[in-house]
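Below you'll find the structure, written out as structure tokens, and then a few comments.
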Amino acid sequence: MICVRKSRLFRAHGLVIKDLAGEFRQTPVQDSQARRSNCCNSTILSQNRISSGNDFIPFFALSKAKGMVINMNRNYVFSLVNLAIFIDTILYGIIVPIVPHYSVQLGITTSQIGWIFAAYALALLLASIPLGRAVDIYGYKPVLTLGMVGLTLATAAFSLSHSLPLLLLGRILQGVAAAATWSAGLALVAAIFPSEVKGQKMGLVMTATGLGTIVGPVLGGFLYQAAGYSAPFLLIIMIGTVLSLLFLKSSLPGKSPTNASTSPGLSSLFKRRNVFWGMLISVIGSFTISILEPLLPIYFDQRFSLNSAGIGLLFGLLSLTFALSQPLFGSLSDRLGRKPLIVAGLLGTAIVMPGLALAPSLKLVIVVMSLLGVTSGIYSATNLPLLAESVENKLTSTAVDPAPSENDDYISRVESTANNSPYGAAFGFFNTAYSLGLVAGPLVGTSLVQLMGLKMLLLASSLLLSAIALGGGLRIQETLST
């Protein structure tokens, strides 16, 4: 039986739902109040409407199963975050097949095109920490909304630009908006899910990034060929507009006024052991993988006479196996712990990487590229929840995340952790570290390959990964009880 009061709130199993605002908040209901007979004087809710007056509450909010209500809304928010990150990743690669347009129509040189690509990553690098901090101070909703609105407007400006300075400005704004989406999105996923499923859910987020990496260039090329230069960007603008409105209307926590005084500073956060090692793994992981991007296409062409389509398929295979392995190993880390899988993934990548230059046939190269996607996916899927839980564990002075079960009130969890867990700053650090590796990898790789050759460079990368695995095995503190 559900009792409805004149305040237009109704209680079901201790869950208070505001009918108009659409906000969910956990409130204790005293046993004595629950047993009072005058509760029956209130209007009884039947099926999916309130029989007194014109009040109406949607059917999903009337379920007696509290977990059903919460999971529907938690999964809705989770889907929005995944879609936002998926669209952002598509945007990063959608200009790849449009590069000839810039060269022919605008007279932009190859080095200038390189700056267009680098501008996005550089903006992401510089903006991630400030915007991550903004998440901890102002909440998830304003930063996510700002990110999607900014991404939409920047893409519109980019599509209308016909000179190098305006293209660079549009790309920089896209990178800043992406920093907001990534920092707030990952922080929100960390906040709304308990440790029992955190690895799996964050693995699904990384799957969205992997699929976006594959879809972006293909979709951009198809739309450009079929409808012209503006078509790929118009699609992103339309989807971005819809997502902006959905985030604006969603019931996410806003400003947390106590957070600025209770959460630690950036320097103290960086000094935490697991946060430091999580960032180091992010830098080295993205660094060693991004080394391959400018070097392997030349090597495959010279060694196996592989054309552009074949090279694209090999890198697509790497991205696909990386994307598909994320939820699997993320879920496995929820059971076995974060530390063992991080070490195993780093060592596996160290073993596989030299095989790219040692494989005697194209068939073995295909196998190695597939394995590389899987092994790099292992440590990537588990590093994210390690960062989130390290922040929680430090502030709660416990070695185990005291997160509730899968079916309890996720908005209550978000609001309680928002004031004492700097998820935004933690994932701002992650984005910065990851972007730093992406920027440094191609620059260092193209310089060193001239000095030592591809085989020795890959072997050096393997030794670096092995050293990080050894150090992580000795220094990382496990955040789960297994």
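Read the figures in this text as sums done on the coordinates, not as results from a lab. Predicted model only: the values in this text are computed from it and were never measured. Positions of Cβ are generated from backbone atoms using ideal geometry, with glycine treated the same way; all protein chains shown enter the neighbour counts.
Quick one: go through region 284-318 and flag any residue whose amide nitrogen is under 14 Å from the point 7 Å out along the Cα-to-Cβ line of LEU364.
304
7 Å from Cα along Cα→Cβ at both LEU234 and VAL218: what's the point-to-point distance in nm?
So the two model labels end up 2.3 nm from each other.
Hey, what did region 67-475 get for relative contact order, percent, Cα under 8 Å, at least 6 apart?
Values: 657 pairs, mean separation 119.5, N = 409.
In percent, rounded to a whole number, it is 29.
Determine the gain in length on full extension of the stretch GLN302-MET456; use 0.36 nm per residue of separation and subtract their C-alpha separation, reporting nm with one decimal.
Values: separation 154, 0.36 × 154 = 55.44 nm, distance 1.75 nm.
The span from GLN302 to MET456 would gain 53.7 nm if fully extended.
Among 279-291, 307-319, how do they line up from the highest to the lowest mean number of other beta-carbon atoms within 10 Å? Before the final figure, lay out the partial values.
Numbers: 279-291: 22.3, 307-319: 15.8.
Listed from highest to lowest mean packing, they are 279-291, 307-319.
Amide H neighbours of LEU306 under 5 Å, at least 5 residues apart or on other chains, H built in the peptide plane: list them.
It is ASP301, by chain and number.
Would you mind computing, in nm to one decimal, how far apart the modelled labels at VAL104 and SER447 are, each placed 7 Å from Cα along Cα→Cβ?
The two pseudo-label positions are separated by 3.6 nm.
Given the peptides 105-116, 176-187, 238-249, arrange them by the average over their residues of other C-beta atoms within 10 Å, most packed first.
On the way: 105-116: 13.1, 176-187: 28.7, 238-249: 17.5.
Answer by packing, highest mean first, reads 176-187, 238-249, 105-116.
Mind listing the phi-derived Karplus ³J(HN,Hα) values for region 354-363, rounded to whole Hz, using 6.51, -1.76 and 1.60 with θ = phi - 60°, and x for any glycine or proline?
Whole-Hz 3J(HN,Hα) from phi for region 354-363: x, x, 4, 9, 9, 4, x, 9, 5, 4.
I'd like the FRET efficiency for SER161 and GLU478, computed as 1/(1 + (r/R0)^6) with the beta carbon distance as r and R0 of 45 Å, rounded to 0.05.
Details: r = 49 Å, r/R0 = 1.09.
Efficiency computed from Cβ-Cβ geometry: 0.35.
I need the trypsin sites (Lys or Arg not before Pro) found in region 262-326, filtered to DSSP loop residues with at most 13 other beta carbons within 10 Å of theirs. The partial results should precede the final answer.
Details: sites: LYS271, ARG272, ARG273, ARG303; in loops: LYS271, ARG272.
Those that pass, being in a loop and sparsely packed, are LYS271.
Quote to one decimal, in nm, the extra length available between LYS271 and ILE351 on full extension: 0.36 nm per residue of separation minus the C-alpha distance between them. Could you put the intermediate results ahead of the total?
Values: separation 80, 0.36 × 80 = 28.80 nm, distance 3.04 nm.
Between LYS271 and ILE351, full extension yields an extra 25.8 nm.
What is the packing order of peptides 452-461, 207-216, taking the mean over residues of other C-beta atoms within 10 Å and listing the highest first? Write out the running numbers ahead of the final one.
Values: 452-461: 17.7, 207-216: 21.2.
Going by the mean number of other Cβ atoms within 10 Å, highest first, we get 207-216, 452-461.
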